[in-house]
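Quick notes on the structure that follows.
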Amino acid sequence: MLLDKLKNKKDRTPAEVVVQDVLKIKKDERVLIIANPSTSEIAQDLYKASEAQGATPSLIYQPEKTSFDNANQEVLAAIGTNPDVCFSISGIKLGKDPAATANPYTTEDGQKFSHIFDYLLDGKKSMRAAWTPGITVDMMNRTAAIDYKELQNRCVELEKLFTGAVSVHVTAPAGTDLVIPVDNRKLLFDDGDFSKPGTGGNIPAGEVFISPIVGDSENNINGCEGKIVYDGSMTFSDGDSIIETPIECIVEKGYVTSVKGGEEAERLLKTITEAETRAMEYEKQGKLPEGMGKIYKKNARNIGELGIGLNPAARITGNMLEDEKAFHTCHFAIGENYDNDAPSLIHLDGVVREPTIILKYADGSEKMILDNGQLTID
């Protein structure tokens with residue numbers, strides 16, 4: 001067990017660091033841990049670390065789920081008990097919520113959520129959480145016990161720089177050249193501080209990310225424009241892989257219009273196409289509200305995220321949970337975004353190596369925040 005094998009500089013295990021420093025779990029709090037058999041070692045260490053804090057943990061297992069699978073009903077019911085803390089320790093994904101997909105949860109301000117997990121975390125803000133799609137023992141050991149204060153300081157500095165930015169221009173040696181509109185979009189953090197209700201993120205933590213403005217040609221709203229060349233790693237419906245042959249995606253008015261490359265490009269296009277097809281089928285089957293099939297299908301090609309990796313212990317391994325946090329990288333997601341205005345059945349992250357990122361402001365000024373992968377804010 002991790003609890004017995006590894007101690008960090010402060011004589012704590014990675015699980016103890018996560019429980020004490022990241023979630024700040026307290027006595028008598030209810031902690032739900034959802035895992036697969038493949039992630040049981042990490043899940044049990046989090047259970048023990050939570051119990052040691054005086055919390056009341058519960059651990060539930062389900063089979064591994066892909067991007068298109070539903071979570072077990074028992075798992076969804078357990079989340080529905082509204083625990084103080086929820087850990088999703090998944091080999092691939094937590095799984096979808098079919099009831100909420102068909103009839104979304106709606107907050108008082110009109111936001112809709114297609115999963116009970118997201119509703120309690122981001123809607124009601126009654127729960128805090130950490131999720132780890134693809135976590136391994138090695139990754140936990142290497143990347144979880146970092147200097148979170150340093151990470152949080154970098155996130156705060158980047159938030160200041162993104163404030164007032166109207167667009168972001170990303171270029172990279174492999175050929176990426178994309179302009180991303182972000183006017184009035186808020187920069188979000190995965191900074192390792194998930195101590196307040198309504199906060200959550202990945203373990204390993206270590207990124208900032210933003211949802212580009214969703215393109216809408218009918219209303220003259222511009223989306224992302226240009227080209228993404230993925231040359232690090234990529235998420236597919238059945239898992240993640242390091243990219244051997246770069247994937248070139250042409251983006252027009254916010255949507256991917258072509259995908260070129262080798263075997264990985266074919267795999268990406270297959271996942272996108274499957275999401276488009278399933279969206280229409282789900283509406284016919286009543287799994288999506290009437291009229292939403294077309295929207296979900298369209299957003300299967302949406303650019304849903306620009307993220308920047310900030311975890312100094314992370315590296316590109318072919319596991320997106322870690323890869324998207326790696327220094328000297330950025331990532332773009334195809335599919336659903338984080339502002340709840342581009343629902344989709346998929347959210348496929350892909351890593352770009354050594355990007356140069358320039359923020360542009362309404363007054364015409366610019367600020368470079370990454371130069372060939374190097375942060376310029378330190």
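Highest mean first, how do 157-163, 110-116 rank when packing is the count of other Cβ atoms within 10 Å averaged over residues?
Values: 157-163: 15.4, 110-116: 19.0.
Going by the mean number of other Cβ atoms within 10 Å, highest first, we get 110-116, 157-163.
Grab the Cα-Cα distance for GLN111 and SER58, subtract it from 0.36 nm times how many residues apart they are, and report the gain in nm with one decimal. Write down the numbers at each step before the final one.
Details: separation 53, 0.36 × 53 = 19.08 nm, distance 2.97 nm.
Result for the pair: 16.1 nm of gain on full extension.
Counting other Cβ atoms within 10 Å, which trypsin sites (Lys or Arg not before Pro) in region 193-273 have at most 13 and lie in a DSSP loop?
Passing both the DSSP loop test and the Cβ count: no residue.
As an exercise, identify the GluC sites (Glu not before Pro) in region 286-378 lying in DSSP coil whose Cβ has no more than 12 other Cβ atoms within 10 Å.
On the way: sites: GLU290, GLU305, GLU322, GLU324, GLU336, GLU366; in loops: GLU290, GLU324, GLU336.
Here the GluC sites (Glu not before Pro) that fit, given the DSSP loop and packing criteria, are GLU290.
Gain in length, LYS196 to ASN220, computed as 0.36 nm per residue apart minus the alpha-carbon separation, to one decimal in nm?
Numbers: separation 24, 0.36 × 24 = 8.64 nm, distance 3.87 nm.
Going from the current span to full extension adds 4.8 nm.
With both partners inside the chain, how many of the DSSP beta bridges are antiparallel, as a percent to the nearest 5? If you can, show how the numbers build up before the last one.
On the way: 59 of 79 bridges.
Counting DSSP beta bridges with both partners in the chain, the antiparallel share is about 75 percent.
Less than 19 Å from a label point 7 Å out along the Cα-to-Cβ axis of LYS253: which backbone N atoms in region 202-216 qualify, by residue?
Residues 212-216 fall inside that zone.
What number of lysine-lysine pairs in region 143-237 show an alpha-carbon separation below 23 angstrom, given a sequence spacing of 8 or more or placement on distinct chains?
Details: LYS149/LYS160; LYS149/LYS186; LYS149/LYS196; LYS160/LYS186; LYS160/LYS196; LYS186/LYS196.
Within region 143-237, the lysine pair count is 6.
With the full set of protein chains in place, find how many percent of the accessible area of region 209-326 is carbon and sulfur; take the probe as 1.4 Å. All intermediate terms of the calculation are to be shown ahead of the outcome.
Details: 2330 of 5040 Å².
The nonpolar share, carbon plus sulfur, comes to 46 percent.
For the pair SER365/GLU159, report the inter-label distance in nm, with labels modelled 7 Å from Cα in the Cβ direction.
Distance between label points: 2.1 nm.
Starting with the highest mean, order 126-133, 174-181 by the number of other Cβ atoms within 10 Å, averaged over the residues of each peptide. Mind dumping the intermediate values first?
On the way: 126-133: 22.0, 174-181: 19.6.
Output ranking for 126-133, 174-181: 126-133, 174-181.
Of PHE209, PHE87, which has the most accessible area with a 1.4 Å probe, and how do the rest follow in descending order? Provide the component values of the computation, followed by the final result.
Details: PHE209 25, PHE87 0 Å².
Ranked from most to least accessible, the order is PHE209, PHE87.
Placing unit charges on C-beta atoms (Lys and Arg positive, Asp and Glu negative, everything else neutral), compute the dipole magnitude of region 253-378 about its Cα centre in debye, rounded to 20. Display every interim value, and only then the final one.
Numbers: 16 positive and 21 negative charges, 84 e Å.
It comes to approximately 400 debye.
What is the magnitude of the charge dipole of region 72-144 about its Cα centre, with +1 placed on the Cβ of each Lys and Arg, -1 on the Cβ of each Asp and Glu, and no other charges, expressed in debye to the nearest 20? All intermediate terms of the calculation are to be shown ahead of the outcome.
Details: 7 positive and 8 negative charges, 28 e Å.
The dipole of region 72-144 has a size of about 140 debye.
Please work out the average accessible area per residue across the chain, using the 1.4 Å probe convention, and give it in Å². Present the calculation step by step, with values, prior to reporting the outcome.
Details: 15950 Å² over 378 residues.
Here the residues of the chain average 42 Å² of exposed surface.
Give me the count of lysine pairs in region 255-378 whose alpha carbons sit under 18 angstrom apart, restricted to pairs 8 or more positions apart or on different chains.
Working: LYS260/LYS270; LYS270/LYS297; LYS270/LYS298; LYS284/LYS294; LYS284/LYS297; LYS284/LYS298; LYS287/LYS297; LYS287/LYS298.
So the count of such lysine pairs works out to 8.
Just tell me which aspartates and glutamates come within less than 20 Å, Cα to Cα, of LYS253; anything on the same chain fewer than 8 places away is out.
Filter leaves ASP177, ASP183, ASP216, GLU218, GLU225, GLU276, GLU305, GLU336, ASP339, ASP341, ASP349.
Once the Cβ-Cβ distance between ALA102 and THR273 is put in as r, and R0 is 25 Å, what FRET efficiency do you end up with, to the nearest 0.05? Walk me through the numbers on the way to the answer.
Details: r = 23 Å, r/R0 = 0.91.
Calculated transfer efficiency: 0.65.
Could you tell me which of rounded, prolate or oblate describes region 124-252, using a ≥ b ≥ c as the square roots of the eigenvalues of the alpha-carbon gyration tensor, with rounded for a/c under 1.5 and, failing that, prolate when a/b is larger than b/c and oblate otherwise? List each step's numbers first, then the result.
Working: a/c = 1.85, a/b = 1.25, b/c = 1.47.
Judged from the Cα gyration tensor, region 124-252 comes out oblate (a/c at least 1.5, b/c at or above a/b).
So which GluC sites (Glu not before Pro) in region 1-110 are both in a DSSP loop and have at most 11 other Cβ atoms within 10 Å of their Cβ? Spell out each step's value before the answer.
Details: sites: GLU16, GLU29, GLU41, GLU51, GLU64, GLU74, GLU108; in loops: GLU29, GLU64, GLU108.
Qualifying residues, ordered by number: GLU108.
Taking the Cα centre of the chain as origin and charging only Cβ (+1 Lys, Arg; -1 Asp, Glu), how large is the dipole, in debye to the nearest 20?
On the way: 41 positive and 59 negative charges, 132 e Å.
The calculated dipole for the chain is roughly 640 debye.
Students often forget the sequence filter, so: which aspartates and glutamates lie under 13 Å Cα-Cα from LYS48 once same-chain residues fewer than 8 apart are removed?
Result set, ordered by chain and number: ASP4, GLU16.
Would you work out if the chain is rounded, prolate or oblate? Take a ≥ b ≥ c from the square roots of the eigenvalues of the alpha-carbon gyration tensor; rounded if a/c is under 1.5, else prolate when a/b is larger than b/c, oblate otherwise.
Details: a/c = 1.56, a/b = 1.21, b/c = 1.29.
Oblate is the answer for the chain, as a/c is 1.5 or above yet b/c matches or exceeds a/b.
What distance in nm separates the simple spin-label points at MET280 and SER126, each placed 7 Å from Cα in the Cβ direction?
Going by the 7 Å Cα→Cβ label model, 3.9 nm.
The values are calculated or read from the model by the stated rules, or taken from the named source; none is laboratory data. Everything numeric here is computed off the predicted structure, so don't read it as measured data. Neighbour counts are summed over all protein chains in view; Cβ atoms, including those assigned to glycine, are modelled from backbone coordinates with ideal geometry. Heads up: the accessible areas ignore ligands, DNA and RNA and are worked out on the full protein's heavy atoms, side chains in. Shrake-Rupley method; radii C 1.70, N 1.55, O 1.52, S 1.80 Å.
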